[in-house]
Protein chains: 4
Amino acid sequence: MSRKQKPIRSDIAWSTPDRITVRNRDLPSEILGKLNLGDMAFLELTARLPTPQESVMFNALVVTLVEHGVTPSALAARLTYAGAPESLQAAVAAGLCGLGSVFVGSTETTARMLYEALPEGSGEVDLEALAKETVSRMRAQGAIVPGLGHPLHKPIDPRTPRLFQLAAENGLSGRYVVLMQAIGREAERAAGKSLPINATGAIGAICCEFGFPWKIVRGLGVMARAVGLVGHILEESQNPMAIEIWQRIEDEASAHLRP
Amino acid sequence: MSRKQKPIRSDIAWSTPDRITVRNRDLPSEILGKLNLGDMAFLELTARLPTPQESVMFNALVVTLVEHGVTPSALAARLTYAGAPESLQAAVAAGLCGLGSVFVGSTETTARMLYEALPEGSGEVDLEALAKETVSRMRAQGAIVPGLGHPLHKPIDPRTPRLFQLAAENGLSGRYVVLMQAIGREAERAAGKSLPINATGAIGAICCEFGFPWKIVRGLGVMARAVGLVGHILEESQNPMAIEIWQRIEDEASAHLRP
Amino acid sequence: MSRKQKPIRSDIAWSTPDRITVRNRDLPSEILGKLNLGDMAFLELTARLPTPQESVMFNALVVTLVEHGVTPSALAARLTYAGAPESLQAAVAAGLCGLGSVFVGSTETTARMLYEALPEGSGEVDLEALAKETVSRMRAQGAIVPGLGHPLHKPIDPRTPRLFQLAAENGLSGRYVVLMQAIGREAERAAGKSLPINATGAIGAICCEFGFPWKIVRGLGVMARAVGLVGHILEESQNPMAIEIWQRIEDEASAHLRP
Amino acid sequence: MSRKQKPIRSDIAWSTPDRITVRNRDLPSEILGKLNLGDMAFLELTARLPTPQESVMFNALVVTLVEHGVTPSALAARLTYAGAPESLQAAVAAGLCGLGSVFVGSTETTARMLYEALPEGSGEVDLEALAKETVSRMRAQGAIVPGLGHPLHKPIDPRTPRLFQLAAENGLSGRYVVLMQAIGREAERAAGKSLPINATGAIGAICCEFGFPWKIVRGLGVMARAVGLVGHILEESQNPMAIEIWQRIEDEASAHLRP
């Protein structure tokens, strides 16, 4: 095989026997005891430390998605733990696998929509007109405008105003937030029903303010939920529900088959 | 089926259309913008806020395990992402699945050993004698004392002194840290070779100071690594290595078979 | 909460203390020793036994995807096993997570394309014209025609003629196979380069002959690869490569960073 | 870094542009259309084809574990699919993650116990005495004898007699099966209660007859369940239960918290 090798390279971290360096910072002396977990995530993603304002906002974005009760994701983690309590990591992994297009993935879809409508570095544009155009193009394609509406949180998602308030207070409420809000109003007008921006819509827009690539936006929800799932597994180990759920559902689901 | 149902109950969170409450705190007004991600994890696990000292120490424990370069776990995530870039969550999940007995799991084994040697609420004991007894019992069973030694970080793991320093500065260096240090010395003496406490040993001991159940100690590493894996996936999306690794390994692994 | 409950129902299996019934067949007496694993999979998916011809073809479809050497999926499983050898199931799970849009998922995309072009139960149509129309519509949308071309297997994928031969011999080479072949020719003509039908294209077309919903077509590859991954993990347990891969890649990837 | 590289080698498969060879057999001409999925699994694991008797028995072992109704593993897969229907592979992966020590893992524990009691190639031994010794040693250690008893299938697991019958009919009922049966009787006697051999116990013993390493025995259950989970996901896509389960459990679990 005469295939030419391509170089393999990672810029994130390196270790020697007496050192561990992450994003060019000495882990023991420059990171431990100095950075909180959210700031460490920011350092991982951007190769720099957040400003104090960015730290507040970024931590808030991630914290928003840590916990939302006994979700399908928490249930999958608990049911997995019941079968393999020696593999906590696999239970968390199982819970994460469902953070796809239906739930947390809408942060990504929102960010992608906003970047496609308004590429980074674009010159001045009429954001209201851009919102109209975006909504009408999506409706023409039969696509759902992401980041709007919520099955439970009506008429408004209580996380959204708080996230936008934090964005405003911390200098992270720019054109993408304005565009998202205009898209929300326009989608409501076009659909003729209330479609308030939900938490994933707000997070997607603020991620664009940070300049995060849309491909990684879902990752904020994934790391957040990993934290929440450990909490659910702790509770499952102390006050389990998985076996009871199994037995109830099994009984009901197959009742029509059993003799 | 006349099976009697057992109640299903979770104390972590609840939602109504206009509220989301986590551990008895209103998410938008009492958590967002106020808690960093590590403090949120602490709240999830303990149902209370950390003190400032606990916040520093807990964040440091988790931050320690976020990143250690291109580990097997990072490689598994990157190789998975290469096949399913539309499912970032599944790539993180794949990376987490390997955080078992060989790597991050030793935090759990350490905590378990320490709790079994010194149950919470034990009266005064001679920790040196307890360390001797613990090491000799484990050696008699052919068990490896967890949390000691490191294939790369020799003669000392640079994270360990920093973690113990932070524990001392923040009032979290009590009997479990002392016991772990005594166990380390005793294991070195018995084995006749250098066996410094590694980062997972230090983390396991400090988790005991916090009183975390040993069953959940591995969870700190799991949530931490979820953060780090998102960083690796971002880099993979921008500067990929997975396909090159595959081709090199495939070429070499099957060279002896190919005609 | 006055939410009205919806019924929960599964038609797959039921158990009582002395019986286990799957798809209306007694597992011990009617299935064990009588059905091979592929036939059991067919029974799961269709609630009936395959004919002898269907059995040959269905087993061949799945067997095709069991093994393709040290793939990214096999590597992810091996790297995971190295960290958590006590959780073989999690290593297989990690390996499966990457069977997405880039690799095995193209079976699904092919089947979806064919069903959308030619819905089940359609009347007589000119398949050549339909192929032209399908390819030109996809090209206009900038979409890649799935199931064509292969980075390694050129000029033809050696699995494809064999799968189509088996389809012909077993009465499963109908309009979807013909349409797929016409699409392949048309895509080659339009692209001006060789684009032979690859194994996933052939499998997708034959799945349509079976009438499998496109949403489940990827599942054949997933069950197949689970089999193959167990083989790789067995070899990894006996003749490991994961740690060596890690060390080589880590060394190379961070060489430019280390002092 | 002057680390010496170790060779990387896999004996399973190789490919060139026009060939794919698995375990030294040409995939298109020697495997497709000739081997059923269970035989292919056997080839993967043993690098040889099964005899007709081995084929019946091996397929039966795996088929036994494909389906057992709406298990925790099936529920985890369904709940995951509800959140990420575009990632069927991740839903199967989530379902597999729970096949640990509590459920399918007991096949492995049984095989390990039997091999440790009676290493392969041992000379003639008194199996009744060996069973007594094994049970009494395990009881002294506080260990549970694996492969015995079942929460639902009482007084006997209906799969066990059928599996042992197939083993006898196919020349695979040797010393390990006899030893397992003796261990079962002895454990019943010692415990003073009915402890019939369950399906995982029978499978573990027959795996020893095949000579499979105990580390891979759980893998039979993992590949089997991957098949069954695809069946559950198909049904979930057509007649879903995941969202209803979520809403019921969420309502009940947090009722005591909501105002």
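Distance between Cα centroids, region D:29-72 to region C:129-155: provide it in whole Å.
First find each Cα centre; the distance between them is then 35 Å.
If you rank D:Arg189, B:Arg78, D:Arg175, A:Arg162 by fewest surrounding Cβ atoms within 10 Å, what's the result?
Ordered by Cβ neighbours within 10 Å, fewest first: D:Arg189, D:Arg175, A:Arg162, B:Arg78.
Towards the positive end of the charge dipole of region D:107-214, with charges on Cβ (+1 Lys, Arg; -1 Asp, Glu), say which of D:Asn198, D:Leu152, D:Trp214 has the farthest Cα.
Farthest towards the positive end: D:Leu152.
List, shortest first and in nm to one decimal, how far the label point of A:Gly192 (7 Å from Cα along Cα→Cβ) is from its counterparts in the other copies.
5.0, 7.7, 8.8
Going by C-beta contacts inside 10 Å, put B:Arg159, A:Arg218, C:Arg3 in order with the fewest on the left.
C:Arg3, B:Arg159, A:Arg218
Debye calculation, C-alpha points only, no solvent: report log10 I(q)/I(0) for the protein assembly as shown at q = 0.04, 0.05, 0.09 Å⁻¹, in the same order as the q values.
Ignoring solvent entirely, the Cα scatterers give -0.19, -0.30, -1.05.
Using the crude model of +1 on Lys and Arg Cβ and -1 on Asp and Glu Cβ, and no other charge, please compute the dipole size for region B:106-211 relative to its Cα centre, in debye to 20.
Charge dipole of region B:106-211: 460 debye, to the nearest 20.
Which whole-number percent of Cα pairs in region A:106-215 have a distance greater than 24 Å?
On the way: 926 of 5995 pairs.
Pairs farther apart than 24 Å: 15 percent.
Where in chain D are the helices, taken as whole DSSP H runs, whose Cα atoms extend 30 angstrom or more along the long axis and whose Kyte-Doolittle mean reaches at least 1.6?
Long hydrophobic helices here: none detected.
To the nearest 20 debye, what charge dipole does region D:69-259 have about its Cα centre, counting +1 at the Cβ of each Lys and Arg and -1 at the Cβ of each Asp and Glu? Please list the in-between numbers first.
Values: 17 positive and 19 negative charges, 68 e Å.
Using only the charged Cβ atoms, the result is roughly 320 debye.
Calculate the dipole size of region A:10-58 relative to its Cα centre from +1 charges on Lys and Arg beta carbons and -1 charges on Asp and Glu beta carbons; express the result in debye to the nearest 20. Before the final figure, lay out each step's value.
Working: 5 positive and 7 negative charges, 8 e Å.
Taking the Cα centre of region A:10-58 as origin, the dipole is about 40 debye.
Given springs between every Cα pair under 10 Å in a Gaussian network model of chain D, which of D:Ala131, D:Ala91, D:Ala143 has the largest fluctuation?
D:Ala143
Rounded to the nearest 500 deg cm²/dmol, what is the calculated helix-only ellipticity per residue at 222 nm for the protein assembly as shown, with -39500 (n - 2.57) per DSSP H run of length n ≥ 4?
-18000 deg cm²/dmol
Take A:Glu67, B:Glu120, A:Glu128, D:Glu124 and order them by how many other Cβ atoms sit within 10 Å, fewest up front.
Values: A:Glu67 26, B:Glu120 9, A:Glu128 14, D:Glu124 6.
Lowest count first: D:Glu124, B:Glu120, A:Glu128, A:Glu67.
Just want the answer: with Cβ charges of +1 for Lys and Arg and -1 for Asp and Glu, which residue in B:Trp14, B:Thr46, B:Val62 is farthest toward the dipole's positive end in region B:1-72?
B:Trp14
Given an 8 Å cut-off on Cα distances and at least 6 residues of separation, report the relative contact order of region C:106-212 as a percent.
Working: 132 pairs, mean separation 46.6, N = 107.
Computed over region C:106-212, the figure is 44 percent.
Every number in this text was worked out from the coordinates using simple rules, so none of it is lab data. Please read these numbers as outputs of a predicted model, since none were measured by experiment. Because the Cβ atoms are built from the backbone with ideal geometry, glycine has one as well, and the counts that use them run over all protein chains shown.
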